[in-house]
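> Below you will find the structure I want to go over with you.
Read-outs throughout are calculated quantities, based only on the coordinates presented, and are distinct from any laboratory measurement. Remember, it's a predicted structure, so these values are computed and weren't measured experimentally. No Cβ is skipped: glycine too gets one built from the backbone with ideal geometry, and neighbour counts run over all protein chains shown.
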Amino acid sequence: MRIGEISNSVIRRLPRYYRFLGELKSKGIAKISSGELSKRMGLTASQIRQDFNCFGEFGQQGYGYNVEILQSEIGKILGLERPKNAVLIGVGNLGRAVAQHVNFASLGYSVIGLFDHKESLIGQTVKDTPIRSISVLDEFCRENKPEVAVLCIPKSAAASITEQLIKLGVKGFWNFSHYDIALNFPDVSVENVHFTDSLMTLSYKLANKNK
């Protein structure tokens with residue numbers, strides 16, 4: 001099966017597999033069957049096997065899956081072993097929290113630049129990375145060629161910054177801005193983060209729990 005034919009729902013489950021297998025590895029569990037994995041993750045064994053079969057044969061009949069090897073293979077599928085340089089735009093409360101607390105390195109990213117328009121923030125550092133003025137973004141990107149941008153800016157500012165970054169060669173966006181990048185730039189890769197959507201989904205589950 002070609003990668004382009006794999007459903008989005010399967011792709012969305014891959015990070016969960018990767019994370020869960022990492023937890024098993026940290027507990028010293030060396031192998032696991034699809035049945036055991038299904039009980040721990042709340043999925044069916046058939047679903048797990050179907051998901052993995054999209055990418056190849058990872059298990060052995062009568063043995064199950066080697067936890068360390070399976071996690072490594074899923075990591076390769078996710079591209080975690082390939083370094084990707086990233087810039088983060090907007091180092092307010094949200095941006096600073098993302099820069100400080102997300103372990104980018106473990107996920108194959110290196111945050112090489114932080115940018116903001118507020119003069120009071122310029123020159124400060126977050127995890128040893130200085131905050132630069134947004135006015136030097138063009139020069140920085142031409143010199144360092146980041147592949148990814150993390151947008152922690154208001155929606156009103158996102159359109160112009162996104163267009164600027166795409167012209168500078170950025171190919172992927174982790175987007176907290178609520179600006180619909182894919183609508184105007186369908187050829188770039190985007191992951192949108194909407195905290196309010198998650199809260200509304202939780203609200204729906206609570207409202208309909210006993211229906």
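> Skipping prolines and chain starts, which residues have an amide H placed within reach, meaning under 5 Å, of the one on V150, given they are 5 or more residues away or on another chain?
V87, L88, I89, W174
> By the scheme Lys and Arg +1, Asp and Glu -1, what is the net charge of all other residues having a beta-carbon under 15 Å from that of Q47?
+4
> Can you compute the charge dipole magnitude of the chain about its Cα centre, using +1 on each Lys and Arg Cβ and -1 on each Asp and Glu Cβ, nothing else charged? Give it in debye, rounded to the nearest 20. Please list the in-between numbers first.
Numbers: 26 positive and 20 negative charges, 164 e Å.
Using only the charged Cβ atoms, the result is roughly 780 debye.
> Continuing with the same structure: Considering only the chain, what is the antiparallel percent among its DSSP beta bridges, to the nearest 5?
20
> Output the pairs from K25/K127; K127/K167; K145/K167 with a Cα-Cα distance over 19 Å in this structure; if there are none, say none.
K25/K127; K127/K167
> Please report the antiparallel percentage of DSSP beta bridges with both residues in segment 59-141, rounded to the nearest 5. Let's see the in-between values first.
Working: 3 of 12 bridges.
Around 25 percent of the beta bridges assigned by DSSP in segment 59-141 are antiparallel ones.
> Only Lys, Arg, Asp and Glu count, each charged at its Cβ (+1, +1, -1, -1), so figure out the dipole size of segment 167-211 about its Cα centre, rounded to 20 debye.
In debye, rounded to 20, segment 167-211 gives about 240.
> To continue, here is another question. Can you compute the charge dipole magnitude of segment 84-197 about its Cα centre, using +1 on each Lys and Arg Cβ and -1 on each Asp and Glu Cβ, nothing else charged? Give it in debye, rounded to the nearest 20.
180
> Treating cross-link reach as a plain straight distance, find the lysines whose alpha-carbon is under 29 Å from the alpha-carbon of K205, omitting any fewer than eight places away in the same chain.
In chain and number order, the partners are K39, K155.
> May I pose another question? Hydropathy at least 0.5 by Kyte-Doolittle, axial extent at least 15 angstrom from the Cα trace: which helices of the chain, defined as entire DSSP H runs, fit?
67-78
> To continue, here is another question. Spin-label point model (7 Å from Cα, Cβ direction): what's the N210 to T129 distance in nm?
Roughly 4.8 nm, to one decimal.
> Right, another one. Which residue fluctuates most in the GNM of the chain (Cα springs below 10 Å): L24, L165, L88?
Checking each option, the largest mean-square fluctuation is seen for L24.
> Between L80 and residues 5 or more places away or on another chain, which pairs have amide H atoms under 5 Å apart, with H built 1.01 Å from N, and which residues are they?
Under 5 Å from the amide H of L80 lies no amide H from a residue far enough along the sequence or on another chain.
> Let me ask something else. Using a Cα-Cα cut-off of under 17 Å, which aspartates and glutamates could be cross-linked to K31, ignoring same-chain neighbours fewer than 8 residues away?
Within the straight-line limit of under 17 Å, K31 reaches these aspartates and glutamates: E23, E57, E68, E73.
> For the chain, with the dipole built from +1 on Lys and Arg beta-carbon atoms and -1 on Asp and Glu ones, taken about the Cα centre, which of Y63, V10, L121 lies farthest toward the positive end?
So the residue furthest toward the plus end is Y63.
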